[in-house]
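To start, the structure under review is shown below, and the notes come after it.
Each reported figure results from applying straightforward, stated rules to the coordinates on display, with no laboratory input. Nothing here was measured: the structure is a model prediction, and the numbers come from that model. Every residue, glycine as well, gets a Cβ built from its backbone with ideal geometry; the counts of neighbours run over all protein chains shown.
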Amino acid sequence: MSYSTCGSGLARESGASFNSDVGCDALFASRLAPTRVPSILRFLLLGCVLLLSACASQAPLPEQTPSLSLPLQLHIQRLQAEQRQDWVLVIQREGPAIRWSMMDLLGIPQARQKLVDGAWQADGLLPPNPEARELFAALLFALTPQDELPGNYPQAWQHGAQRSLPARWDVRYLQPMSFELNLPEGPKYQVTPLSGEAP
């Protein structure tokens with residue numbers, strides 16, 4: 001006497017009659033298929049959480065574009081864990097946009113972004129560079145004229161040569177265009193104007 005344990009067991013669990021012409025694979029597939037839905041839902045939920053956390057971590061931008069004296073060329077020194085990197089940053093107007101182009105001292109592009117209507121847009125074919133975008137937003141904050149600070153960054157404060165957007169950026173001015181920029185978890189930047197020659 002022969003019988004199928006996989007079929008009879010599944011048939012008994014589901015309360016259905018067993019058809020010996022249906023193979024075990026089909027029965028297992030019919031029983032396991034519903035368990036795929038929660039996995040897909042978990043995957044979609046995880047994707048939504050990651051997307052929301054990425055949006056929440058985006059660097060704040062001013063309410064209105066500050067009055068900047070452009071074009072500007074800045075020497076950026078990035079300092080972290082006793083390592084130093086040097087970059088040149090060019091900020092210039094391009095129609096309604098402000099273009100940010102950063103390169104190393106050999107002239108190799110590191111990051112390019114355009115600020116258009118209060119939002120960042122990729123400029124060129126360079127891969128995304130979240131650290132550079134954060135740096136550009138922090139520099140925009142540091143370069144905002146003091147009388148435009150309250151309207152553009154309501155949570156910011158400035159006392160003398162120090163300016164802060166709490167829990168985000170701290171700026172200490174040595175001169176109007178020379179300053180130190182600190183991020184809560186690093187790195188630290190030293191910014192100075194560039195006058196034609198590489199530092």
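A few notes on this one:
- For Q121, net neighbour charge (Lys/Arg +1, Asp/Glu -1) across residues whose Cβ lies under 15 Å away: +2
- Overall form of the stretch 72-193 per C-alpha gyration tensor (a/c, 1.5; a/b vs b/c): oblate
- Annotation: amide H-H contacts under 5 Å for T144 (H modelled 1.01 Å from N, sequence separation of 5 or more, or interchain): none.
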